[in-house]
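Novice: Submitted below is the structure of interest, expressed as structure tokens.
The values are calculated or read from the model by the stated rules, or taken from the named source; none is laboratory data. The model shown is predicted, which means the values in this text are computed figures rather than measured ones. Virtual Cβ from ideal backbone geometry, glycine too; neighbours counted across all protein chains shown.
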Amino acid sequence: MKPWIVFLICNIAAAIVNALAADGATLSKLRIGYPSPSAAFYPLFATKEAGLLEKYGFDSEMVYVQGVKLVQVHVSGQLDVSTISSVVYLQASVGGADLIQVASSIDNQIMKLMVNPSIAKPQDLRGKTLAVTGFGSLTDLLLRPALKNWGLEPQKDVKIVQIGRMPDIAIAIAQKTVDGGMVSFPTSVHAEKFNLKTLLDFAEAGFDIPATTVVVSRRYANANRDNLLRFLKAYIEGTKRLLTDRELGIRALRKYGGVTDRDMLATTHDLFASRYIKKIPTINAKGVENSLSLIAENNPKAKGRKAEEFMDPSFMDELESSGFIKSVWP
């Protein structure tokens, strides 16, 4: 090869490397937390898988911290953005944690109270035993007011026990160790194969309690408004990709949701895309109010608190007024 050709190739290669380095230097670090490999956090998974965080200038790290521990990690300053249930972040916020909601993708709980087929109606629960994952958990917080609504006093008329994992709850019901319990998707699908019966589907109960919200600290929101707007742009585009690109959605759930069965992946995508996930993740203020009311059942610090204390709709409002949302969803 002639020397001038070698020289040209080397210069081009050096230019490409320098350009890539320069681009990398402009990317903002972003640590994003999520509490479960559940499809409830599907919009985030799709956003990451589609490369949209990089498109909007982020060198992003997905951080999986199980359950309520995510709140502790976020409040300690180790995360910038988290996706989490409204009840979980609000329990911490009413106690003084610096967390506010800026968006909401799923406005109800994908949870079911499933029971032994011998139980035909709520009143049949009197004297029976129901399982939750743990006392004070979301499953517990949802179950107790539901029982009271049916005129049943928790731990008096209906015994509540904690079992741990949802699959173990389903097995316990099938083996008649307990009479019923709280499970969410996809455990509920497997439970149906045991001939277990749905006594209450919280997603159809007409009582909004958001399952998937985007939260940040006030400190981060105030100091990094541009970053947060760019993240939400990516998140909104990611939601569209999820709802309109089935193969991308299936690929994202396989990677981050730990699901490998193709039929279950397809079923999950189709269910969440058609029924649960909103096209535009605007805050549901009524859902925040309902969540606070639910928490107030057992936590006096939540009583009398207002939804606006724990949310900031200005980010989504700005993306709406600027025309960005319309550009994504004409």
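Novice: Residues in region 11-31: is at least one within 22 Å of Gly257 (Cα to Cα), crowded, with 22+ Cβ neighbours inside 10 Å, at pLDDT below 95 and not assigned by TED's automatic domain parsing to the domain that holds Gly134?
Specialist: Taking every residue of region 11-31 in turn, none turns out to be within 22 Å of Gly257 (Cα to Cα), crowded, with 22+ Cβ neighbours inside 10 Å, at pLDDT below 95 and not assigned by TED's automatic domain parsing to the domain that holds Gly134.
Novice: While we're here: Of all residues in region 302-313, which are assigned to a helix (DSSP H, G or I) and loosely packed, with under 14 Cβ neighbours inside 10 Å?
Specialist: Listed by number, the residues that qualify are Glu308, Glu309.
Novice: Now for a different question. Here is a list of conditions, (1) within 28 Å of Asp140 (Cα to Cα); (2) in contact (Cβ under 8 Å) with a residue 12 or more places away in the chain, and Ala50 meets all of them except one; can you say which number that is?
Specialist: Condition not satisfied by Ala50: (1).
Novice: Identify, by number, the condition in (1) in contact with a Gly (Cβ under 9 Å, 6 or more places away or on another chain); (2) surrounded by 14 or more Cβ atoms within 10 Å (Cβ to Cβ) that Gly180 doesn't meet.
Specialist: Going through the list (1) in contact with a Gly (Cβ under 9 Å, 6 or more places away or on another chain); (2) surrounded by 14 or more Cβ atoms within 10 Å (Cβ to Cβ), Gly180 breaks only (1).
Novice: Name, by its number, the condition in (1) touching a strand residue (DSSP E or B) at 6+ places or on another chain (Cβ under 6 Å); (2) at pLDDT below 95; (3) among the hydrophobic types (A, V, I, L, M, F, W, C) that does not hold for Phe272.
Specialist: (1)
Novice: Assuming Val215 fulfils every condition listed in (1) in contact with a Leu (Cβ under 6 Å, 6 or more places away or on another chain); (2) not assigned by TED's automatic domain parsing to the domain that holds Ser321 apart from one, which condition is it?
Specialist: Tallying (1) in contact with a Leu (Cβ under 6 Å, 6 or more places away or on another chain); (2) not assigned by TED's automatic domain parsing to the domain that holds Ser321, Val215 fails exactly one: (2).
Novice: Tell me yes or no: at least one residue of region 178-200 is free of Cβ contacts under 8 Å to residues at least 40 places away in the same chain and small (Gly, Ala, Ser).
Specialist: Scanning region 178-200, I find no residue that is free of Cβ contacts under 8 Å to residues at least 40 places away in the same chain and small (Gly, Ala, Ser), so the answer is no.
Novice: From Pro43, Pro145, grab the single residue that is in contact (Cβ under 8 Å) with a residue 60 or more places away in the chain and surrounded by fewer than 19 Cβ atoms within 10 Å (Cβ to Cβ). First the steps, then the outcome.
Specialist: Numbers: Pro43 fails: surrounded by fewer than 19 Cβ atoms within 10 Å (Cβ to Cβ).
Being in contact (Cβ under 8 Å) with a residue 60 or more places away in the chain and surrounded by fewer than 19 Cβ atoms within 10 Å (Cβ to Cβ) holds for just one of Pro43, Pro145, which is Pro145.
Novice: Just checking, how many residues over region 164-177 are surrounded by 19 or more Cβ atoms within 10 Å (Cβ to Cβ) and in contact with a helix residue (DSSP H, G or I) (Cβ under 6 Å, 6 or more places away or on another chain)?
Specialist: Residues flagged as surrounded by 19 or more Cβ atoms within 10 Å (Cβ to Cβ) and in contact with a helix residue (DSSP H, G or I) (Cβ under 6 Å, 6 or more places away or on another chain) within region 164-177 amount to 2.
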